[in-house]
Amino acid sequence: MMKISSVLNDFSMHYAIKDIMFALDIKNQNFYNSFSKVKRTPSRDNMLSSSVNASKYSIESRKKWSKFDPNLPISLSCSNHHWDYSKWPKHQLSPQDSLKKYGYTTKVSIETNCMLNPNWVGRFYLVTSDNDEVLSPAFLQKAHDDLMDIHYMILASNVSYLNPFIDYKVIKQSDIKILSMIAEGYNRESIASECYLTPRGVDYRILQLKKKLCANNSSSLIKSAYQNFLLS
């Protein structure tokens, strides 16, 4: 983790921004039809940051503002986004206040394609103070090219930690245990005994997993689990 934090910090210094954060996200809409990413964002925990200050800001931003910030759903559906709060009612506290609290004024998100999994994307959050250059197309393109390299470095060392299915709490550790036992050829009775479920309970959990992982049968379920790094 420290190595990645150092890389993120080096990027911040090179581009004269204050901090940068990173999280993986689910791109393929078929995988998140069963839940709302916006509603689940406050519960996300696994984000990498270039500093302790950025980490504290990220936590406050998610916990306090995710459900109210109109920028969040926009950012989840576009490649680059400036988190603009100029139209927020001036007499109300806003996410801009959290930015200022941690020494920032501007926030931009940049999406990067995931080389390991076409169902995922990476999303970098750049926060800065008094640096409007981050809003220029030229800056965003140059930064994007370098962020693609950092994205690859992050995946090489932290893919399990950052897995969005786990971070969104869509797939739990008990689900992974069931998936692992299916992959190893255990029958429903054995899975039920090991996981403290009834056989019908196992059937229900498997049905839910098929919906979440867009699978039609056990074979495609396990294939999807491997593709999404839930099994290794």
Condition first: within 18 Å of residue 20 (Cβ to Cβ) and not in a strand (DSSP E or B). Now tell me which residues in segment 77-99 satisfy that.
79, 83, 95, 98, 99
Any idea which residue in segment 48-76 is farthest from the chain's Cα centre (by Cα), counting only those that are surrounded by 15 or more Cβ atoms within 10 Å (Cβ to Cβ), part of a helix (DSSP H, G or I) and of a type in the set (A, V, I, L, M)?
54
Name the residue, out of 101, 107, that is exposed (fewer than 14 other Cβ atoms within 10 Å of the Cβ), closer than 24 Å to residue 66 by Cβ and charged (D, E, K, R).
101
Take segment 83-97 and flag every residue that is open to solvent by less than 60 Å² (accessible area, probe 1.4 Å) and under 22 Å from residue 123 (Cα atoms).
83, 85, 95, 96
Can you pull out the helices (runs of 4 or more DSSP H) entirely within segment 110-222 that have at least 3 residues that are within 30 Å of residue 73 (Cα to Cα) and either of a type in the set (S, T, N, Q) or open to solvent by less than 50 Å² (accessible area, probe 1.4 Å) (or both)?
137-162, 164-167, 173-183, 199-212
Every pair of residues 6+ apart whose Cβ atoms lie under 9 Å, when the first sits in segment 87-101 and is more than 15 Å from residue 59 (Cα to Cα) while the second is assigned to a helix (DSSP H, G or I):
88/95; 88/96; 94/65
Filter segment 32-47 for residues that are buried (at least 18 other Cβ atoms within 10 Å of the Cβ) and more than 25 Å from residue 19 (Cα to Cα) and give the result.
32
So which residues in segment 72-86 are more than 16 Å from residue 57 (Cα to Cα) and not β-branched (Val, Ile, Thr)?
73, 75, 76, 77, 78, 79, 80, 81, 82, 84, 85, 86
Taking only pairs six or more apart or across chains, which ones have beta-carbon atoms under 7 Å, a first residue in segment 1-25 that is farther than 14 Å from residue 106 by Cβ and touching a residue at least 24 places away in the same chain (Cβ under 8 Å), and a second residue that is among the acidic types (Asp, Glu) and surrounded by fewer than 16 Cβ atoms within 10 Å (Cβ to Cβ)?
11/146
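The values are calculated or read from the model by the stated rules, or taken from the named source; none is laboratory data. As the structure is a computational prediction, the values presented were derived from the model and not from experiment. Ideal geometry is used to build each Cβ from the backbone, glycine not excepted, and the neighbour counts take in all protein chains shown. Just the protein is used for accessible areas: all its heavy atoms, side chains included, with ligands, DNA and RNA removed. Shrake-Rupley method; radii C 1.70, N 1.55, O 1.52, S 1.80 Å.
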